[in-house]
Structures are given as C-alpha cells and as structure tokens.
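Participant: After the structure tokens below, expect a handful of questions from me.
The values are calculated or read from the model by the stated rules, or taken from the named source; none is laboratory data. On a predicted model such as this, the values are computed, not experimentally measured, just so you know. Neighbour counts are summed over all protein chains in view; Cβ atoms, including those assigned to glycine, are modelled from backbone coordinates with ideal geometry.
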Amino acid sequence: MTLASNIQIFLKQKLKEHNLRKKDFAKASAIPYSSVITLISAGKIYPDLKNILKIANYFNCSIDEVLGRKEIIFSEKTHFIDLSLDDINNNLKNFLNDKLLKHSLKAYQLGKICGFSEDVIVQFLKKDRAQRSLGSGVVTGIANYFKVSIDEMIGRVRASNQEQQPLEKDK
C-alpha cells in the first residue's frame, strides 16, 4: 500500500470513530480543507510531512501509525512533543549525520540505497543552504532503511525514556 492510501484508511477510520465531519476536522487540526479532501481521496502520492504531523498531533498518535507503519508501536503512555518545522529539520539532520557516521555511509549513497535521487539527502544536509523539509516518501524510506520510528527520527519522542521507546509489534 502507498503512504497516501494508508493515510486515507487512517483518516476515514478516525473521522468515523470520532464522529467528525471533514470540515470540522480541517478547522480543528489547522489543515486546509482542500488538503483534507486530498488526503481522504489519496490524491497525492507523498503528502506533506507537516500535514501528517498535524494529523498525528490531533489524534495524539505516532506518525508511524498515521502512515500505516504497524511494525513500530508506542505505549499508550507515550508523550509526543510538539515540534516546529525547524525543530523537525534540525533533529532529522542530526539523526542522519549520526547514522551516516555510524554506518560509514555518504549522504549520496543513502539516497541511492533508499531509491531516491543521490542528491536529495546531500542537499538537505548542506550547512550553508536553507533547505525545506524532506518529503514524506524520503523520510519514510530512511526510517524503513534504518528500521526506526519516524517520531524518533524527528525528535517527537524521546528514545531514552523506556516507556516511550517503540515496541516491536508481535507478529
């Protein structure tokens, strides 16, 4: 399944569970109504990470849950940290630099391994360039490669706290 279809399934289920109309959800979550419609119709292959974060914040759940990454779950006691887009980008850069060093990889190699342009991660990590966010597809690909939670990668949860670490779901 694609990211878009996983988000579509998640949103349809949550809106029904909470008896929410699309317009009410859009207003309460601060996601433009047109974006909510696009998300529910799975009209965009790689939805914006900022809207995925808003969905997760609204329903107080992990980004991984919104994206259908069921191999990683958090305990119900998990506290999710509110982050700005700058915080997310800085935390993601720190995560990537750390992983690249630990795995003796170059940024272009990681991009190639994950099936993206060799340049996407290189450009994101450049210090002298203000970079917009990585796309949700790239972030998910990196999380899949390193087998980690997206919420941990971006610093939305503190991995050092025992009850906030992701648990491998029993298969």
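Participant: What's the number of the condition Phe25 fails, among (1) surrounded by 19 or more Cβ atoms within 10 Å (Cβ to Cβ); (2) touching a Gly at 6+ places or on another chain (Cβ under 6 Å)?
Facilitator: Single failed check for Phe25: (2).
Participant: Would you be able to tell me the number of residues in region 62-108 that are without any contact (Cβ under 8 Å) to a residue 24 or more places away in the chain and crowded, with 19+ Cβ neighbours inside 10 Å?
Facilitator: 1
Participant: Kindly establish whether Phe80 is within 15 Å of the chain's Cα centre (by Cα) and not in a helix (DSSP H, G or I). Steps first, answer last, please.
Facilitator: Values: within 15 Å of the chain's Cα centre (by Cα): yes; not in a helix (DSSP H, G or I): yes.
Judged against the criteria, Phe80 is a match.
Participant: Kindly provide the set of residues from region 6-49 that are closer than 22 Å to Thr140 by Cα and charged (D, E, K, R), ordered by number.
Facilitator: Lys12, Lys14, Lys44, Asp48
Participant: Hey, another quick one. Are there helices (runs of 4 or more DSSP H) fully within region 1-42 with at least 1 residues that are assigned by TED's automatic domain parsing to the domain that holds Val66 and in contact (Cβ under 8 Å) with a residue 40 or more places away in the chain? List them.
Facilitator: Numbers: elements: 3-17, 22-29, 33-40.
Because the criterion is at least 1 residues that are assigned by TED's automatic domain parsing to the domain that holds Val66 and in contact (Cβ under 8 Å) with a residue 40 or more places away in the chain, the helices (runs of 4 or more DSSP H) in region 1-42 that meet it are 3-17.
Participant: Additional query: Of (1) in contact (Cβ under 8 Å) with a residue 40 or more places away in the chain; (2) surrounded by fewer than 17 Cβ atoms within 10 Å (Cβ to Cβ); (3) assigned to a loop (DSSP other than H, G, I, E, B), Pro47 satisfies all except one. Which?
Facilitator: Pro47 satisfies every listed condition except (2).
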